[in-house]
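Just below is one structure, and these are the notes that go with it.
The values are calculated or read from the model by the stated rules, or taken from the named source; none is laboratory data. Treat the numbers as computed from the prediction; the structure is a model and nothing was measured. Backbone-built Cβ (ideal geometry, glycine too); neighbour counts: all protein chains shown.
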Amino acid sequence: MPQAPTTKRVLGGEFTAPGLKKQKSMGTQLEMLPAPARETTPGRVYVFGTGDCAQLGLGEDILSRKKPANLAALNDEQIVDIAAGGLHNMALTVDGKLWSWGVNDQRTLGRSGDEWTPLPVEGLDHVTIAKVACSDSLTVALTDEGTVYTWGTFRSAEGILGHSKEKEVQDLPTIVSGLSNIVDIATGTDHVLALDHRGIVYSWGNGQQMQLGRRIVTRRMLNGLTPESVGVKGIHKVGAGSYHSFALDRNGRAYAWGLNTYGQCGNDDSHLENVPSVAPIDALSSHAILDIQGGEHHSIALTKDGKLYGFGRSDSHQLGLGYTEEPGAEDATSHKKAIRHPTLIPGLPTIKAISVGGNHTLALSHTGDVYAWGFGEMLACGNGEEEDVEKPLKLTGQQIEHCRVLKVAAGGQHSVILAVQER
């Protein structure tokens, strides 16, 4: 199992994740990560949840779906991956092109035209996209050559922050300067993480909750719009919640930073509102973590042996534990219920992938089944009821009765899955 770090971050410096040798000179290199790989197995897109802001892509007349509904507009497009943001979505084709639908107020769709139905993203004809991620008002795309494109804008507590120091809102995809050889990306509500082939993590966007891993002075908030290293090396994967961030090293050791008001950074100190810089999640140190993602105020960790651990806010059963607070526990900082210590989520088969929405979670099993739980008023759990789902519930529906699910994407008030017919 991963060992505790032997070197710690100091102001202006960096530490190396445990299990990796610190780079001492230009002649001693850290392990180089492979270029991003594109998915190759196509499926059909299904949507469910609330669609009053066009996020279902089914047209202006269909404002909600209680059960998974096929997005027929994409049936001929060979879709291999999906991403869901607060109120918009992206679908990636086998040849590396993007289709978008949903709210376009801040140009998050990367195109003009109808918001209510999927249409191609513009300005990417000359590149091949390998991965895409959606925040609330921004979209991030990673090419197979390791270049990052973004469009839309970042927001702060005061309103629109900007896309960059030079541009308030970016209409079409544009290259993020200063980044190269990127192998992974992740987005929160208004911040982005990028991991390069050397295992170095970069962050940019809104840093008001310390989600960038560095202090942003209020009068100079635009400085946060420039990507900078968070001060950790040897990372193999990144993840994000709305206002907090994650990193995993090659041994599966998990790190977090950002907003911690409900213990969503895995730190159960109820008086610690923010984790200001990269810190190991000690409560997960005995587990090898494969993926870790967050919602608005909760987090879900996936272990390499297919188990899930939840921590953070739980008043809408975001953690799927069947209860909303530890027996006898009191949250000293808020009236909202929370479970601050990473806790095993029972009742699940072996899980291979997760996607965490604002206040609900989707988990994909190795057999292609989906389990959902959390806030249910917006129908995003797909169980057909406008009530919270207390424990993981298997997703069913007439249209997916004979389907094997390939991908899951949980948005703010809706969900998207990619599936193939098995018979």
With respect to Ser64, determine if the residue is buried (at least 23 other Cβ atoms within 10 Å of the Cβ) and either farther than 19 Å from His360 by Cα or touching a residue at least 60 places away in the same chain (Cβ under 8 Å) (or both).
no
For Ala283, the lone unmet condition from (1) of a type outside the set (Lys, Arg); (2) within 18 Å of the chain's Cα centre (by Cα); (3) over 18 Å from Arg214 (Cα atoms); (4) not in a loop (DSSP other than H, G, I, E, B) is (2)
Given (1) in contact (Cβ under 8 Å) with a residue 60 or more places away in the chain; (2) buried (at least 19 other Cβ atoms within 10 Å of the Cβ); (3) of a type in the set (Asp, Glu), identify the lone condition not met by Glu145.
(2)
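Could you tell me whether the stretch 336-351 includes any residue that is closer than 28 Å to Glu401 by Cβ, outside any loop (DSSP other than H, G, I, E, B), modelled with pLDDT of 95 or more and of a type outside the set (Ser, Thr, Tyr)?
Yes, the stretch 336-351 has at least one match.
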Exactly one of (1) in contact with a strand residue (DSSP E or B) (Cβ under 8 Å, 6 or more places away or on another chain); (2) under 21 Å from Ala410 (Cα atoms) is unmet by Asp105. Its number?
(1)
Selection from the stretch 286-306 of residues that are outside any strand (DSSP E or B) and in contact with a Lys or Arg (Cβ under 9 Å, 6 or more places away or on another chain)
His287, Ala288, Gly295, Glu296, His297, Gly306
Return the total of residues in the stretch 84-103 being surrounded by fewer than 21 Cβ atoms within 10 Å (Cβ to Cβ) and part of a loop (DSSP other than H, G, I, E, B).
5
From the list Thr189, Thr218, exactly one residue is at pLDDT below 95, closer than 24 Å to Gly159 by Cα and either of a type in the set (Ser, Thr, Tyr) or within 19 Å of the chain's Cα centre (by Cα) (or both). Which is it?
Thr218
So which residues in the stretch 405-423 are loosely packed, with under 15 Cβ neighbours inside 10 Å and under 25 Å from Pro346 (Cα atoms), if there are any at all?
none
Those residues of the stretch 152-168 which are in contact (Cβ under 8 Å) with a residue 40 or more places away in the chain and surrounded by fewer than 19 Cβ atoms within 10 Å (Cβ to Cβ), in sequence order
Ser156, Ala157, Ile160, Ser164, Lys165
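Filter the stretch 208-251 down to the residues that are among the acidic types (Asp, Glu) and buried (at least 20 other Cβ atoms within 10 Å of the Cβ) and list them by number.
Asp249
Looking at this structure, is Leu179 aliphatic (A, V, I, L, M), under 27 Å from Ala35 (Cβ atoms) and surrounded by fewer than 24 Cβ atoms within 10 Å (Cβ to Cβ)?
It is true that Leu179 is aliphatic (A, V, I, L, M), under 27 Å from Ala35 (Cβ atoms) and surrounded by fewer than 24 Cβ atoms within 10 Å (Cβ to Cβ).
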So Gly113 ticks every box in (1) free of Cβ contacts under 8 Å to residues at least 12 places away in the same chain; (2) surrounded by 19 or more Cβ atoms within 10 Å (Cβ to Cβ) but one. Which box is left unticked?
(2)
All but one of (1) in contact (Cβ under 8 Å) with a residue 24 or more places away in the chain; (2) closer than 28 Å to Ile281 by Cα; (3) assigned to a loop (DSSP other than H, G, I, E, B) hold for Ile216; which doesn't?
(1)
Considering only the stretch 172-190, how many residues are assigned to a strand (DSSP E or B) and either in contact with a Phe, Trp or Tyr (Cβ under 7 Å, 6 or more places away or on another chain) or of a type in the set (A, V, I, L, M) (or both)?
8
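If I filter the stretch 224-242 for residues that are within 19 Å of Ser314 (Cα to Cα) and assigned to a strand (DSSP E or B), do I get at least one hit?
yes
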Which members of the stretch 56-78 meet the condition of being small (Gly, Ala, Ser) and in a strand (DSSP E or B)?
Ser64, Ala69
Residues of the stretch 124-142 being touching a Gly at 6+ places or on another chain (Cβ under 7 Å) and surrounded by fewer than 20 Cβ atoms within 10 Å (Cβ to Cβ), which ones?
Thr128
Scanning the stretch 143-168 residue by residue, those part of a strand (DSSP E or B) and farther than 18 Å from Val103 by Cβ turn out to be Thr143, Val148, Tyr149, Ser156, Gly162
Condition check: of a type in the set (Gly, Ala, Ser), without any contact (Cβ under 8 Å) to a residue 60 or more places away in the chain and within 30 Å of Gly384 (Cβ to Cβ). Does Gly102 satisfy that?
yes
Being within 21 Å of the chain's Cα centre (by Cα), surrounded by fewer than 24 Cβ atoms within 10 Å (Cβ to Cβ), small (Gly, Ala, Ser) and more than 19 Å from Ala133 (Cβ to Cβ) is the requirement here; does Ala73 meet it?
no
If Asp81 passes every condition in (1) part of a loop (DSSP other than H, G, I, E, B); (2) touching a residue at least 24 places away in the same chain (Cβ under 8 Å); (3) acidic (Asp, Glu); (4) over 20 Å from Val169 (Cβ atoms) but one, which one does it miss?
(1)
